Each structure stands twice: as C-alpha cells, then as structure tokens.
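The values are calculated or read from the model by the stated rules, or taken from the named source; none is laboratory data. As the structure is a prediction and not an experimental result, all values here were calculated from the model. We place every Cβ from the backbone using ideal geometry, glycine too, and count neighbours over all the protein chains shown. Areas reflect the complete protein model, heavy atoms only, side chains present, ligands, DNA and RNA absent. Shrake-Rupley method; radii C 1.70, N 1.55, O 1.52, S 1.80 Å.
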Amino acid sequence: MNYPVWNFPILGGSLVVAIIAIIHILISHLAIGGGAFLAVAEIWSNKMADGERIRKWLHKFATFFLVYTTVFGAITGVGIWFSIQLASPEATSLLIHQFVFAWATEWVTFIGELTVLYLYYYGWNSNSRRMQVFLAVAYFVIAWFSLFIINGILTFMLTPGAWTLENKDIAAGFFNPGYFPSLFIRTLTMFLIAGLAGILVATQIKDDEAFKTKIIRFSAKWVIPAAILVPGLVVWYWFTLPESTLAFYDAGMVGVDGGKMEGLARFFWLAVTSGALIVMGASVAAWKPKAVHLATAISLLLVAQVGIMGAEFFREMARKPYVIRGVLYSNALWQHNAENSAYMNRPYLSEAKWNPEIEEMSAEHGEWIYRLQCATCHTLDGYRDLTYRTRNWTPAFGVRFIEKLDEQKVMPPFQGTLKDRAALTAYFLNIHGNPVTPAQVLELYEQEERAKAAAMNANPKEAN
Amino acid sequence: MTESKKEEKKQASDEPKNEKRRKFLLAAAGGVGVAWVGAAAYPVYKYLAPQPVPDPFGEDGKALVDKISPADVARPGTGKNGGYASRGIIVLRNGDGDLKAFDSKCTHAGCNVEFQGDKIHCNCHGGNYDLTGKNISGPPPKPLTELKVFEQDGALYVSRLEPEKKG
Amino acid sequence: MDTQQTHIPKEAEAALPPADSRMGKFYRALLKRYPIWPVIQFFMGKKVPEHKHSAWYMLGGIALFLFLIQLVTGVLLMVYYKPGQPWASVNRIVMEVPFGALIRSIHHWSANLMILTLFLHMFSTLFMKAYRPPREGTWITGFILLTLVTLFGFSGYLLPWDDLAFFAVRIGVSEMEKLPVLGTFAADLARGGPDVSMETIGRFYALHVVILPLLVLALIALHLLFVQIQGVSEPDTFAALPLEKKKYRKFFSDFMIGEIPVWLFMFGLLIALSAAAPRGLAPEANPMGAAPEGIKPEWYLLAPYQALKLFPGKLELVGMAIMGLGPLLVIALPFIDKNVPTDKRGEMITQMAIAGLIGFLGMTIWGLLS
Amino acid sequence: MNFSNLISATLAQAPIPAADPLGYPMPAVLLQLLSYLTLALHFMAVNFTLGGLIYLIWLKVRKGDDGAKSFLGLSLPLGFSYLVTLGIPPLLFVQVMYGQMFYSSSVIIGAAWILVVPLLILAYGMLYLNKLKKDSTTNAQLIVLGVALLTMLSVGFIYVNNLTLSMTPDTWMEKYAATPSGANLNLSEPTLFARYVLFMSPALVVGGAALVLMGIFRSKWRGNNSGDAAGSLGMRGLLLGRVITAAAAGALIAVLPKNLLSDTLVGAGRVHLILGIALALLSTALLVLGAKKKNGLLAVVGTVLLVLEAAMFVVVRDMLRQQYLAPQFTLSDVSVHEQWGMFSIFAVSMVAGLAFLIVLTVKVSKTAIAKYKETHAG
C-alpha cells in the first residue's frame, strides 16, 4: 500500500527478478570460483615443465573470464538490484536500511575485485610470476568476501533467526541459521562451475590431444569437492528451514497447477537431478577428454544453469508467502499489521495511498485491489496467472475464498472489507466474461449465506 | 647410495602405491557418482512404490461383512465364505454357539480357504484348519487370522481382534 | 590350455586390451564364439566430418535420446493409466501418485522437444543437402518417422480425455472427414464411430502404445542402418577440400561420447521445463459442453491449421490439396535434386526450402497469436 | 481505462510512501557526504567513458591518431566497469535517504527502468567487442561503437527521467494509473532536456582531459611528439564541452521554477555554486595550459580539480532536490537509528582496501610503465 506495485505483464515482477538473478548467480559463482581456478592454475603452471603453455592457455581462460564476469556478471548483479526495487520496494527498503553498510562493504570488495583482476590481466606481460600468483590469490580472497557478505542478506530473508523489527540485531540477522550451510554450498558450487568453465576453454585447444587431455582432467577435478560434500550440506541446510516450508515440500510431491505448493518439490528435484547430471557429465569428460568439444562443454555449463535455477527457485519459494519471513509478506503487508484485525478490516481503497480516487463498488474498484494487493506475485494471464486460477469461481465462492486467502499459508491474508472482496471477485468474473457488478456479487453472496444459515437452523446436524 | 639410485628406488616403490591409490580414487569417484544417480532416480522409485493400503477397518474401527447375513450363521455349526473390505472372510458359529470370523487368506501360500462344516480347508495345497482357526494338517504353518465379529442393525461387522493375552 | 583354433584376426589382436587382463580375456572369448570382428571394424570406421556446421550432426542423436525418454516415461505412465477411466486415472497420476505430475510433464515436454528436434534435424539435412543420392532411403525413412512422431503426438493428446484433448482431436479428425471419397470412411475408422468418444480412446491407446512404437522402432533401425552403411554425408564445401585438410572425428566413440553431456543437458532441460511449466489437466471432457476458449492444436500442427483458414468454404479442399503437395515434394526431393556439387536447380531448391521454412514459421507464429 | 479525467480533478495529496521503519543508519549529513563523494566519482567515470567513446568514434570517422584510438579502445571497457561500480554507492545512498521517492518513481517508469540492465550489458559488451575484434573493418567498428554510444545515451536519459520524476510527487498518480506496467517516461517535465544535456555534455570535458593527459605522457615516455595530436584534440573538445555545458546550465536556469532557484541559491547553495564555477574555470585553464606546454603536472592538477568541481555541482543538485521536495518531505523527518558498528567495519575496510589497491596499482603500473618505455623508446 505504501508503494506503487509494478504490474509487469506476462512475467510479473517476481519472474523478472528470478530471470536476472538466475543468470547472475551462475556468472557470479564463476567469478569467484574462477579466481581460485586462476590462482591454482598459476601455481600449478609454475611447477610444470610446460608451464609456459599452460599460462598461454590460462590467458585464454582469463580473457573469457574477464569479459564474461565483468560484462554479464557485474551488470546482472546491478540488474537484480534494479529488479527488486521494482518488484518489492518495501522489502528492498528494509534490507537497504538494515544492511546499508554491509552492502557498502561489499562494494569495497567489488572495487577490489575489479582492480586486482585488471592488474592481473593487463599486467600479464609485465608482472613477475610471483606478482601474478599473488594477484590471482588476492582476487579470489576479495571476491569470496563479496559472497561472505551478500550471503548474509540472502539467507536473512528466509531465516531471519533472532532478528526482529524491534531489536534490529544485525549480527543475529546476518549470521542467521541458514548462513553457514548456504555459504559452504555456494563456495563448493563455485569451484565446480570454475572447473566447467575450464573445460569450456580447454575445447579451444586444437591439434594437441595430450595437452587438451591434461587441462580437461585438471578442470574436471574441480567438480569433486562439491560432488562429495554438497549432499551433506544440503541436509544441514534442510534442518535450518522453517517447519512450514518442510510441510509445503511434503505436500508438494503431487498435484499440479493450483492448490498445493508443488513448485517447491519440483525445483528441489531439479537441483538434485542437475547435480547428478553434472557428476555424470564431468566423469564423461574426464574419462574421454578427447571426445569433449564445444557443444559438450557448453552443455555442462547449461546443466549447471538449470541446476542453479532449481536451487534458487527452491530458496525463493521456500519463503512463500513472505519476502522476509515472519516480517513482511510478499505483497508488502507487514506481519504486525496482518495480526491487527482492525487494520486488516479497513476499507482497502480509502486507506491505500496509490488510489486515484476510485469510487467504492465501482467497476474499477476490484481492478485496483488486484493491482495493489495481488499483482506483486500474480499476473492476469502469464506467470501465476489469475485468469486460470479463478476460472471456476462463482460470486459466492470468490468472496468466501478471498476471506480465507491465507488458510493454506501460501498467500498473505486479504486486507479489506466484505465490499472489497465482492469488488475483487466481480473483477475476476468480468475477466471470464461474466458481466456482474460488485453490488450483484455482494447480493449473490449474501443470498447464499442466508440460505446456508436457514438450512443450518432447520437441520443443524446435516449442515455441519 | 647415489641420488639417481635413490630416485629409482623411490619410483619403484611408488608405482604400486600410486596404482593402488588410483584404483581407490576411481572406486570412490564411482561410489559418489552412483550415489548421485541413485538420488536422481529416487522419484522413479517413489512413483512405482506401492501407495499405502488404507486400513480395512476404516476410521470407526469396523468393516461391513459382505455376502453373509446374520441368518446364514444363525445355527451352530453353520458357516459361510464372504468378504470384507475387498478381502475374503469366513464367518461361522461353532458348537458352543459362538460367532467366529477368520480372514480367509491361507497362511501357507495365500489362497482363500473354504468353510467345509467341520473344518476349514484350503483347496490349493490341501491344508486344514479346525474351527478355531488352528492349523491341524497339511502345509499351513500358522493359524488363520481371527477377527472380532458382531451383529449391528441387522448386518455383520468385523473389527480387529484385541489380543487376549499380554506379556 | 585352450586347444581350439583362435579365429581372432590380427587387427583385432592389436586393438583389444592385453590378453592377460580381465577385459582382454572376455573380448577374446566373445570373439571366439561370435566372429563379428568385421562388423565391429565396420562401425569403428565410421567417421563424422569436422567443420563449422558439425554441431548439426548431433540432432539425430538428441531425437533418439528423447525417444528413449518417451519409451521410459511412457511405460511408467502405463503403470497407472487406465483406458477405461482415462481422465480419472490421469488425474490420479497427477494428484495422487508421488512424482506422477513430474513424470507426465517430462513425457509431455520430451514429446514436444522431440518433434522440434526432428524438424531441426530435417531442415539441417535439407540445407546440407544430405538427402541426395545415394541417401534417398535415409531421407524417406526420416520423413516417415517425422510423420509417425506427429501421429504419436496426436494420438497421445487424446488419452487424458480432458476438455482440450477432446475438442482438439475432434477438430483434427473432422478435417480428415473432408477428404474426398474415403474421408468419412477413414475418419469413422479412426474414431470408432461418427464422433470422438470413449470408443476412440481404445483405438488411440493401441496406436499410441503398441503400433506406433513398433513402427517407429523398426524405422529407426532402418534409418540408422542406412546411415551406418552409407556414412555421414559431407557438405559440398567440405567434400571439395583436399584430403589432407579434411578433418574427421570417429563416431565410435569420440563423437558419441562427446554427445553424452548434450543428452544430459537435454534431460536437465526436460526437468527444468517440467518444473517451471508442468503439464496441467483440464476438466474431464464433456462432449455436450461448449468447447473451451482459445482452443488450438499443438504448435507443430498450427501451421497447416492456420493455412487452412486461408481457404474458406469450398476452397478448403483446394487448400488441403495444396498442403498435401508439400509433403510429397519433400519426399521427392532426392529425385529432383541429385547433382553433386550443387547446380542451379539445387540452389533453387535451397531457396524454395528457405521460403517454405519462413512460411511455416510465419504460419505457426500467426497461429499462436491469433 | 478511463481514469485520466477522474484523476486530474482530484488528487490534492501526492501519495508519498511512509519512510522506512528502520530509519537512517546514521545522521543524514554523513549520508549526504558519502553520497556526494561517490556520486562525483561516478560522474567522472561516466563522463570519461561516454566522452572517450565520442572521441573514439570521431577519431575512427576522421581516420585520426592511432595512439589515441588504441588508448581509448583499451581503456573504455575499464572506464565502463568503474562507471558501473562507482554507481553503486550513490544509488545505495539515494535509496537510504530518498527511498520513498526513488522507489515510487522507479516503479512508475518500471519498464524503462528495467531496460537499463540490458542496455548496460549491450553497451559494455560492444566496448569489449571493439577491443577484442581489432581486425574488423572500420564500418563494422563504427556500428559497434555507435550502438554503444546510443545505448549509453539512452541509459543517461532514463536516469534523468527517473530522478526528475522522483522529485515531483504531484505528477505520480496520473502516470501510475495510466500504465500499470511502468511504460512511462517523464517527458512532461519542463527541465528534462536541459538537465539531460547538462549531465551528458561534461563527457566532452572529462574525455578531453583524459586525451590531454594521455597525449602529454605518451610524448614524454616515448621521447617524441607522438601524443600531440591527441592532446590538441582533447583540448579543443574540452573547450567545446564547456560551452555546451554552460548553454545547458543557462537553459536549465531559464526553465526552473523561479522560487526553487532562488531558494536553492542562498547560503551554502550559493557558495557551492560559485566554488563550482570557479573550479570549472580554473581546471579549464590548467588543462589548456598543460596541453599547450605539455606539462603533465598542470594537467593532472586540472583533472583532479574536475573531480572537486563535480562534487560542488553534485551538492547544488541535491540542494535543488531538497527544495523540490520541501513541501512534502525533508530529511529531518526521518528517524535515525545509528549503526556505528557496521559503519566502522565499512570505513575500516574501505580505507584498508583502497590503501591496498593503491599500493598494488602503483607497483604494477611501475613495472608496466618501465616495460612500455623499454619497448617504445627511440
């Protein structure tokens, strides 16, 4: 109510965030793990007889790395920020005001990362060997600290821990229950992705099978730590998840398109399957490096991309219906307001700031409730579309359903009066070509309620 | 010992060790791979795994007996094959006038047994039970599962038999 | 000691693992009993030319992989599907069986991706001119496979017996009815009556799970056999290269193993699509109710569907005739365009194919938008 | 949707969101200070990259100095990445201080605002493409650079739209009601184009200064006159930039509501404006002199003064914004909950980090310059 709601068509604001974020996460993980890869490969090349050759190849890797991570990585990172302001300004504001100096410190790591990477890359021909190794290590350490910081804010949103709006305990919020498992999972995933990128660049070695084999085997080894340790870490992470999330997961094994929160389970299994596919693919690459070509290597990275899609969607959906769990609902309703029935039962539009003087029970009444209360998560005919979800609504059913919106705990409670509910129902019914007015919806609902009450009086047992 | 000899010796002793290490690592990697593939295949197992069978006695703890009416077993010494919750059942009234019920699944190979007046007989492998359900001859290794049977509103119902003895 | 005369040729001895290793012993024992070395040698000799369009050679393998996914998920779905209670059983798969929605979505997405892959496979073959003699057999079997797979999609579409399926299939079969002479007869035979009904389910089910799989498997075998015997076709530019500049990759096992991660990605993509856009189930078909809004055939049938709309009324037959000509032309390609290297006629055919492709895409997009 | 007639009649009150319940993490003055400092640096990077790009295109069209071309080709992607990175803190602090206004206006022009992300990727990618594909034809290069220029100019335009809109809450509701997807721009804003030119034209100045510096040091390190052409181009461009900027400033003053202008230009506002103008004149003089005399020191001082100048104008800009918002919002309205602990972590890491980077950069540059001199001497 505080901020206007961005009604992005088809995708909806949240999917815009997700698309940018999923791309960014693959690249940012590469940006950090790749630092470790550069450092280890530098040290390795110093010990090898064909070190000069390895470094020549490493220069190719560094070029790819530099362009890919700075162009796509840095900008999509800023892009996430742009998109969350649009999708959830209230939550972004809260995070910014609580963690502004954490972000500012992360910015110091950005400047550090960039500068050190440029000194490393542009000093390729003039720097001493020792300096190059030092710069690569420094790059990795600085870059990893950016993860160290952003991970606190990311995990805070799902498991704020002992933090509350009153105590503002930044340490408790930052090092929240999900912080460490998540940090370790991401760190290992970074190495894995760096290895896959190494394989990709290795496919550009032409006419020297032995050298290609050597580099691919070296790169494939970077998958091993994640393959062994991530399953255990996921179990740890699992135990930090809120109970309601786990309950959604259990309920989500079956069912499709509506009702259940089955997405949580589907995306979890997408992540697991992708993990298995990467382990298989990397084994294939290590087994027959000769057979690896560009499409092979790109496929491996794409598997990592869909795996990240699974894991990140899981993390986001696990928070549903909150944007900051237990504090702020996705549609910018504060938990403390949600518990206050006087607040919740006020006429919605007259209280809404972003109300262009819409008359109550007018044709636009319902549309504005949709725009301000539903459109943060839903669209009309795209992502989580309401046209489909309300296809079987009758006037009375709609009014009743909206009243119990939060019953399944996957949506926030509805704010507003009976008239507001009738207006919103009328809006959806109109979309389905049923030209009822809010007043008619209200009348039909009340008729049905009266009939029910009468039936109850006549036969209390049967009406249940 | 000269340097080169030392080297040689070191190499010689390393080789089998390296080979062993290589084999171990390969096996370990294989193990991790198999574990991952297993995890990914879990949904297929879960899809095929049988759904939990609903409790035949339902929420109120009883099941209606099908195809046997109280009149069928009114006199002592009568009995009949019937069904409950899509399983087979035998209800009989013994010489003492007590109503008894047994799940008709033979404890030997799972055929449904038949009430034959003085005994309960299994046609598949010729096993016999007495009218208390005890296995008296033939292959059956165990007595039949007895159920508690009672009449209610003109129909027969069965429920789980409370264990008589404890400890 | 083994006193039997060994039949293992010298080349085999050189290629096999050492005789005292476990695998070496196994292979030798095998070759002694079944002297298939020439066959193995033949397959080992298969090469794939390496040039900048080599990636297109992977499409056939991808389509085969997706077909295998279809077989596996199809069998899994058959475990719970009941043709007597089509909608209820599919609803049970979706709403009750653990991961049932996932398996069904994979089956759905894999079907779509398979058809898409086959289209791409066909067009890449077309543009590389790999259909020219002596590869007519491969081309024709390939085209029949594409037709059969489309039929697969059409028959499978009906099986859930929901509203969308019912009306889409009803429209499809009644198009058939309009064909002159045998139209009604064929349509009735397909439907098992004058209209799509539960009778149709049985026919489509048998078609979908027995007849088509057998036909397709047999044709795939034939198609692959042709490819194996004749080898991969080389595009003109590659064939014109001097021998020392031609680079090849061994099909067994370099090319194939390199393709495995691509298949793995396809599998990941299937799961991702199924997670992000699971196949929904519309309400049970109601032959008396109104057709749902926005009903359209699947995307791969949209182009002809949309094109037919251009021929209103009695002209529809003309339209169908024109569209019937398309596939015939495609089949006839190897007999029209056979000169290597490409001559004027060949170039003209390429341009026509581009026009056809653009027309197909345009019609499909138009169909999606309208 | 027929709201427009409804809306224009009503809406006495602009829908300004309530401030964040957490309040400011430290007194607003300090936040302002941090924001001025970082915003000035951000503007320098923007102007260097945009200006450099304009000069590079000019050089390619006119088949000008190769040394300047390769310098710009190499450094523009770097400039771009610092442009983006230095843009983060001011964006962070504007959200802390003016979040309610900034988020609202961002949502209202949401479709354009999110477009910034792909546009930035496109511009940045084009700059790298230009650097890595050296062997392409001039025409292809011009297309690549032209796309980069257009995208950068559009990003600047979107920014000016958003920030002007964030200062005029009275116009929000009508725009928001009309297009829920945020397919809006703030074209009705009278100061929009003057502001846009005012913010973009210093590109010629900063880019010119960079060319002057590059020219001087190139000639110096190589011991010949190979940098002269670049230096003189930079100098001329710089002067042209100054003229355009002054014209835009005049235009802005002409269209600004008079009371806002007079309220801004009293006390501190006036001091900063005068300081800014003085610094502008001084830096211009130093850079021109440096270029003529090939004196590196003068040019370096002149360039550093550019940063200070930018900081002065950034302050004036913020004061103008406060006047715009004065009827609805002042910074002192918002409560303050200090986070000194977190701030000191930031401050320490920033000081330590910058020190580390400076030491490292000097060290690496020294070897690189030595090597450069070695290769190009004589």
Self-check item: Test: B:ALA101 is of a type in the set (A, V, I, L, M) and within 21 Å of B:GLY61 (Cβ to Cβ)
Solution: yes
Quiz item: Here are some residues: C:PRO213, C:PRO235, C:PRO242. Which one is in the same structural domain as C:GLY74 (by TED's automatic domain parsing) and modelled with pLDDT of 95 or more?
Solution: C:PRO213
Quiz item: Restricting attention to region A:118-133, and to residues there that are more than 9 Å from every other protein chain (Cβ to nearest Cβ) and assigned to a helix (DSSP H, G or I), which single residue is most open to solvent (accessible area, probe 1.4 Å)?
Solution: A:ARG130
Quiz item: In this structure, does A:THR115 turn out to be under 30 Å from A:GLU42 (Cβ atoms), touching a Phe, Trp or Tyr at 6+ places or on another chain (Cβ under 8 Å) and within 7 Å of another protein chain (Cβ to nearest Cβ)?
Solution: no
Quiz item: Restricting attention to region A:147-191, and to residues there that are assigned to a helix (DSSP H, G or I) and of a type in the set (S, T, N, Q), which single residue is farthest from A:SER28 (Cα to Cα)?
Solution: A:THR155
Quiz item: Being touching a residue at least 12 places away in the same chain (Cβ under 8 Å), of a type in the set (S, T, N, Q) and farther than 24 Å from D:LEU185 by Cβ, is that true of even one residue in region D:36-58?
Solution: yes
Quiz prompt | Pair list, Cβ under 8 Å, 6 or more apart: region C:38-54 residue within 16 Å of C:SER233 (Cβ to Cβ), other residue open to solvent by 80 Å² or more (accessible area, probe 1.4 Å) and part of a loop (DSSP other than H, G, I, E, B) | solution = C:PRO49/C:LYS247; C:GLU50/C:LYS247; C:HIS51/C:LYS247
Self-check item: Selection count where residues are free of Cβ contacts under 8 Å to residues at least 60 places away in the same chain and open to solvent by 10 Å² or more (accessible area, probe 1.4 Å), scope region A:143-153
Solution: 4
Self-check item: Criterion (assigned by TED's automatic domain parsing to the domain that holds A:ARG186 and open to solvent by 50 Å² or more (accessible area, probe 1.4 Å)) met by exactly one of A:TRP222, A:TRP238, A:TRP269
Solution: A:TRP238
Self-check item: Among residues of region C:55-87, those that are free of Cβ contacts under 8 Å to residues at least 12 places away in the same chain and part of a helix (DSSP H, G or I), counted
Solution: 5
Exercise. Give the number of residues within region C:318-330 that are within 24 Å of the chain's Cα centre (by Cα) and open to solvent by 50 Å² or more (accessible area, probe 1.4 Å).
Key: 5
Quiz item: So which of C:MET78, C:MET23 is open to solvent by 80 Å² or more (accessible area, probe 1.4 Å) and touching a Pro at 6+ places or on another chain (Cβ under 8 Å)?
Solution: C:MET23
Self-check item: Test result for A:ALA291, without any contact (Cβ under 8 Å) to a residue 24 or more places away in the chain, in contact with a strand residue (DSSP E or B) (Cβ under 9 Å, 6 or more places away or on another chain) and among the small types (Gly, Ala, Ser)
Solution: yes
Quiz item: Regarding A:THR376, is this residue closer than 29 Å to A:GLU166 by Cβ and hydroxyl-bearing (Ser, Thr, Tyr)?
Solution: yes
Exercise. Name the single residue, out of those in region A:426-453 being touching a Leu at 6+ places or on another chain (Cβ under 9 Å) and under 17 Å from A:GLU367 (Cβ atoms), that is surrounded by the fewest Cβ atoms within 10 Å (Cβ to Cβ).
Key: A:PRO435
Practice problem: Given the conditions (1) more than 30 Å from A:LEU328 (Cα to Cα); (2) facing chain D (nearest Cβ under 10 Å); (3) without any contact (Cβ under 8 Å) to a residue 24 or more places away in the chain; (4) not hydroxyl-bearing (Ser, Thr, Tyr), report the number of the one that A:LYS47 does not fulfil. | Solution: (2)
Practice problem: Check C:ALA101 against each of (1) surrounded by fewer than 19 Cβ atoms within 10 Å (Cβ to Cβ); (2) within 14 Å of chain B (Cβ to nearest Cβ); (3) small (Gly, Ala, Ser) and name the one condition it does not meet. | Solution: (1)
Self-check item: Every pair of residues 6+ apart whose Cβ atoms lie under 7 Å, when the first sits in region C:147-175 and is under 22 Å from C:PHE185 (Cβ atoms) while the second is among the polar types (S, T, N, Q)
Solution: C:LEU158/C:THR200
Exercise. Hey, can you tell me all the residues within region B:57-71 that are open to solvent by 60 Å² or more (accessible area, probe 1.4 Å) and either touching a residue at least 60 places away in the same chain (Cβ under 8 Å) or under 14 Å from B:VAL91 (Cβ atoms) (or both)?
Key: B:LEU64, B:ASP66, B:LYS67, B:ALA71
Quiz item: If you scan region A:397-413, which residues turn out to be aliphatic (A, V, I, L, M) and crowded, with 20+ Cβ neighbours inside 10 Å?
Solution: A:VAL399, A:ILE402
Quiz item: If you go through region C:252-275 one residue at a time, how many are more than 7 Å from chain A (Cβ to nearest Cβ), open to solvent by 30 Å² or more (accessible area, probe 1.4 Å) and either under 20 Å from the mean Cα position of the chain (by Cα) or at pLDDT 85 or above (or both)?
Solution: 3
Quiz item: Of A:GLU316, A:GLU351, which residue is open to solvent by 20 Å² or more (accessible area, probe 1.4 Å), under 24 Å from D:PRO15 (Cα atoms) and within 14 Å of another protein chain (Cβ to nearest Cβ)?
Solution: A:GLU351
Quiz item: For residues in region D:170-225 being open to solvent by 60 Å² or more (accessible area, probe 1.4 Å) and of a type in the set (Gly, Ala, Ser), which is farthest from the other protein chains (Cβ to nearest Cβ)?
Solution: D:GLY223
Exercise. For region C:315-355, enumerate the residues that are touching a Leu at 6+ places or on another chain (Cβ under 9 Å) and more than 17 Å from C:THR147 (Cα to Cα).
Key: C:GLU316, C:LEU317, C:GLY319, C:ILE336, C:ILE349, C:THR350, C:MET352, C:ALA353
Quiz prompt | Members of region A:278-322 that are hydroxyl-bearing (Ser, Thr, Tyr) and assigned to a helix (DSSP H, G or I) | solution = A:SER283, A:THR296, A:SER299
Self-check item: Looking only at region C:63-98, and only at residues there that are of a type in the set (A, V, I, L, M) and at the interface with chain B (Cβ under 10 Å from one of its Cβ atoms), the one that is nearest to B:PRO50 (Cα to Cα)
Solution: C:VAL97
Practice problem: Please go through region C:6-15 and pick out each residue that is open to solvent by less than 60 Å² (accessible area, probe 1.4 Å) and either at pLDDT 85 or above or in a helix (DSSP H, G or I) (or both). | Solution: C:ALA12
Quiz item: In this structure, is C:PRO98 assigned by TED's automatic domain parsing to the domain that holds C:ALA218, free of Cβ contacts under 8 Å to residues at least 24 places away in the same chain and not basic (Lys, Arg)?
Solution: yes
Practice problem: Please find, among A:PHE110, A:PHE99, the residue that is open to solvent by 10 Å² or more (accessible area, probe 1.4 Å) and of a type outside the set (A, V, I, L, M). | Solution: A:PHE110
